[in-house]
1. For segment 308-326, give me each residue that is of a type in the set (Phe, Trp, Tyr) and either touching a Lys or Arg at 6+ places or on another chain (Cβ under 9 Å) or within 9 Å of Val28 (Cβ to Cβ) (or both).
2. Are any residues in segment 79-98 open to solvent by 10 Å² or more (accessible area, probe 1.4 Å), on the phi < 0 side of the Ramachandran plot and within 11 Å of the ligand (Cβ to nearest atom), and if so, which ones?
3. In segment 60-87, which residues are free of Cβ contacts under 8 Å to residues at least 40 places away in the same chain and over 18 Å from the mean Cα position of the chain (by Cα)?
4. From the list Asn34, Asn70, exactly one residue is more than 9 Å from the ligand (Cβ to nearest atom) and open to solvent by 10 Å² or more (accessible area, probe 1.4 Å). Which is it?
5. Is it fair to say Leu236 is at pLDDT 95 or above and open to solvent by 70 Å² or more (accessible area, probe 1.4 Å)?
6. Mind checking which pairs have a first residue in segment 119-144 that is touching a residue at least 12 places away in the same chain (Cβ under 8 Å) and over 15 Å from Asp163 (Cα atoms) and a second that is part of a strand (DSSP E or B) and within 8 Å of the ligand (Cβ to nearest atom), Cβ under 9 Å, 6 or more apart or different chains?
Amino acid sequence: MCSAANYTTKNHYFGRNFDYEISYNEQVMITPRNYPLKFRKINDITTTHYAIIGISAGINEYPLYYDATNEKGLSMAGLNFAGYTKYHEYDSNKLNITPFEFIPYILSKYESVDDVKEALENINLVNINYSDKLPLSPLHWIISDSESSITVECLKDELKVYDNPLGILTNNPPFDLQMFNLNNYRRVSNKTPSNDFLKDYNLDVYSRGMGGMGIPGDLSSMSRFVKLAFTLTNSLSDDSEESSVNQFFHILASVEQQNGCTFIESPDKYEYTIYSSCVNTSCGIYYYRTYGNSQINAVNMHNENLDTDKLITYPLVNKEKFNFQN
Ligand SMILES: C[C@H](CCC(=O)NCCS(=O)(=O)O)[C@H]1CC[C@H]2[C@@H]3[C@H](O)C[C@@H]4C[C@H](O)CC[C@]4(C)[C@H]3C[C@H](O)[C@]12C
């Protein structure tokens, strides 16, 4: 399971929890402006393009991003969408992009959600595997700029593009059903609820937080969608970078998966939050925490020479470091 969100204070922040039972040696990867981007079915981009920062699989021959942001602040994350995704055959009337090329293609070329929406009308997500060892994954995507977000789902009959007014995404079911399910929670609130149930009986307010009763606490994707919507829409922080980034990680922590709580029968493992990320999309700073390291680490794309042509990578810090005060 995974969860992605947007948060805006003085700056705009985009990030996700990456929940899974398998790691592909994730790393922070910067694709500089002159890195030649190769594509299977369209012309390579060999001229200068937007630089990109994100997390990719630990394969240095191609930017296999899970989530990323470009230097214009456009961001994208791929989340599992098993059972619903259906990538299509080659279509000679469209631009055929493979799903693993989708993030680098969009982020190297576009700077706003509106531009992407227009481009998507001509894109076919073609079913070509990266390799025999790394076949296609069934994903759906959230694409965001500082103003708006969309969700892209490649279904049996069409490439569906939804406006995503809350700027959040988890996994199954399709996005319109996730949004519909929110109707069931119209009563929840961050305030103490009034007693509309047994008016003649003094129902006691024995605890703070009772307005949130009914918000699901389990780790299923529909429940995380509701919990994330609740936490995000009630989130408070000041405008500073420290407070905003700190609050963003607290938002993601509300849907974090602790190791041991979600058993996957095959391959006999547990799914857990391998990393959480928060990108300041205005400044190109990629903040992240890992399951093994709860400190916030950061890589600033603008501290690198972005005019080069070689991928730049940083391994994820995954070991706890205690801050002794005596
Ligand atoms: C599994 C990941 C999504 C995490 C997620 O949503 N988990 C929830 C699982 S579930 O709903 O609860 O089943 C996805 C996100 C990005 C994917 C990776 C990227 O697409 C990059 C390459 C693409 C290759 O085709 C396959 C390997 C791969 C390295 C992918 C492996 C895997 O499918 C990843 C890592």
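1. Of everything in segment 308-326, just one residue is of a type in the set (Phe, Trp, Tyr) and either touching a Lys or Arg at 6+ places or on another chain (Cβ under 9 Å) or within 9 Å of Val28 (Cβ to Cβ) (or both), namely Tyr314.
2. Asn80, Ala82, Tyr84, Thr85, Tyr87
3. Across segment 60-87, the qualifying residue is only Glu61.
4. Numbers: Asn70 fails: open to solvent by 10 Å² or more (accessible area, probe 1.4 Å).
Exactly one residue qualifies, and that residue is Asn34.
5. Criteria met by Leu236.
6. Matching pairs, first to second residue: Ser137/Gly78; Ser137/Asn80; Pro138/Asn80; Leu139/Gly78; Leu139/Leu79; Leu139/Asn80.
The values are calculated or read from the model by the stated rules, or taken from the named source; none is laboratory data. Source: prediction; values computed, not measured. We place every Cβ from the backbone using ideal geometry, glycine too, and count neighbours over all the protein chains shown. For the accessible areas, the whole protein counts, side chains as well, though only heavy atoms, and no ligand, DNA or RNA atoms are used. Shrake-Rupley method; radii C 1.70, N 1.55, O 1.52, S 1.80 Å.
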